[in-house]
Amino acid sequence: MTAHRTAAVAAVAMAVTLLPAIPALAHGAPTDPVSRVVACSPEGGSHTRTVACRAAIAANGAPFTAWDNLRVADVNGRDRQLIPDGRLCSGGLPAYRGLDLARSDWPSTRLAPGAALTMTYGSTIPHTGTFKLFLTKQGYDPTKPLTWSDLPTQPFAQVTDPPLTNGAYRIGARLPADRSGHHVLYTIWQNSSTTDTYYSCSDVVFPASGTSRGSGTAKGGGASYTPVPSPSSSGASPSGSPAAGDSATTVPGTPAAATAPRAEGGPSVPLLAGCAAAVVVGAGGVALAVRRRRG
Ligand SMILES: [Cu+2]
């Protein structure tokens with residue numbers, strides 16, 4: 001017991017020492033075509049103030065600060081068994097439930113059917129793994145909850161271990177030629193260097209006649225921005241918003257972050273540990289972290 005306490009105190013002391021050097025615990029999400037979580041995060045620029053994003057944040061009860069942390073452990077390819085219909089965009093995670101709103105005005109990217117696509121998947125901690133890109137079937141209705149049956153069984157692109165350059169993976173693909181209108185580009189990134197699988201929804205629009213491709217906001221407006229009262233639960237949410245786990249600087253007095261640098265920097269502990277530590281921090285702080293360390 002005393003040994004445990006001593007170890008814990010030492011860990012806390014180390015955390016305080018290392019805090020300024022801790023990078024945000026970050027993993028990834030598509031930035032182009034922009035994913036819902038990125039668009040509606042504090043990094044989302046003008047997207048964040050769109051009607052859709054304001055509704056998503058309100059429904060979520062917390063901002064999407066941890067845009068790169070939408071991941072589920074131990075799925076091992078059983079996406080369709082473990083991620084419930086209607087909750088694909090949140091990965092079934094309550095902390096991201098606002099992303100599951102069924103609406104047609106999410107910030108979206110215009111794409112051309114049959115065109116070459118290079119997805120930019122922002123990431124600051126590299127992981128190995130396989131990206132699978134799915135596009136909703138023709139006939140998808142964005143005003144209905146996204147279900148697995150909206151997606152083809154097979155991805156239209158699958159890339160393993162693409163290089164990480166300038167903070168992003170770049171995933172080359174050829175878009176299906178037979179889509180028009182609103183669709184969801186659903187990206188699954190199953191890590192091989194960790195047990196995590198990441199899920200993302202990027203809203204895309206195929207113009208009926210157009211061939212141009214831009215990355216701006218095709219829908220959603222945002223011209224009439226009305227400030228929304230802050231949910232005020234960021235970082236201090238008792239339900240363990242993952243926002244708390246993303247960045248040490250956003251976590252008020254959280255010695256649990258000690259597990260992060262230790263794991264990341266450990267000689268024989270791979271990145272898996274870094275992500276596991278982030279989960280612990282996000283799930284509620286010190287007590288849980290200490291408990292986890294014992295087990
Ligand atoms: Cu990660």
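Amide H contacts of residue 44 (H built 1.01 Å from N, in plane; Pro and chain starts excluded): no residue 5 or more places away or on another chain comes under 5 Å. When Rg and the Kirkwood Rh are both derived from Cα coordinates, the Rg/Rh ratio for the range 74-169 amounts to 0.95.
Near the amide H of residue 200, within less than 5 Å, lie the amide hydrogens of 187, all on another chain or at least 5 residues away, with H placed in the peptide plane. Derived scalar couplings between HN and Hα for the range 27-42 equal 9, x, 5, x, 9, 7, x, 4, 7, 4, 5, 6, 4, 9, 7, x Hz in order, rounded to whole Hz, by the Karplus curve 6.51 cos²θ - 1.76 cosθ + 1.60 (θ = phi - 60°), x for Gly and Pro. Extension gain for residue 180-residue 147 works out to 10.0 nm (0.36 nm per residue, less the C-alpha to C-alpha distance).
Highest mean first, what order results for 93-99, 77-83, 194-200 on Cβ atoms within 10 Å?
On the way: 93-99: 21.3, 77-83: 14.6, 194-200: 24.1.
Answer by packing, highest mean first, reads 194-200, 93-99, 77-83.
Apply the Debye scattering formula to the range 141-212, with a single equal point scatterer on each alpha-carbon and no solvent, then give log10 I(q)/I(0) at q = 0.14, 0.17, 0.24 Å⁻¹. Rounded to two decimals, the profile gives -0.57, -0.82, -1.34. Sequence-ordered 3J(HN,Hα) estimates for the range 154-164 from the Karplus curve with 6.51, -1.76 and 1.60 and θ = phi - 60° stand at 9, x, 7, 8, 8, 9, 10, 6, x, x, 9 Hz, glycine and proline given as x. So for the range 40-143, taking the charge dipole from beta-carbon charges (+1 Lys/Arg, -1 Asp/Glu), which of 86, 122, 47 sits furthest toward the positive end? The one lying farthest along the dipole's positive direction is 86.
Bear in mind that the values in this text are calculations on the coordinates, not laboratory data. Every value quoted in this text rests on a predicted model; they were computed, and no experiment measured them. Quick reminder, even Gly has a Cβ in these numbers, built from the backbone with ideal geometry, and neighbours come from all protein chains shown.
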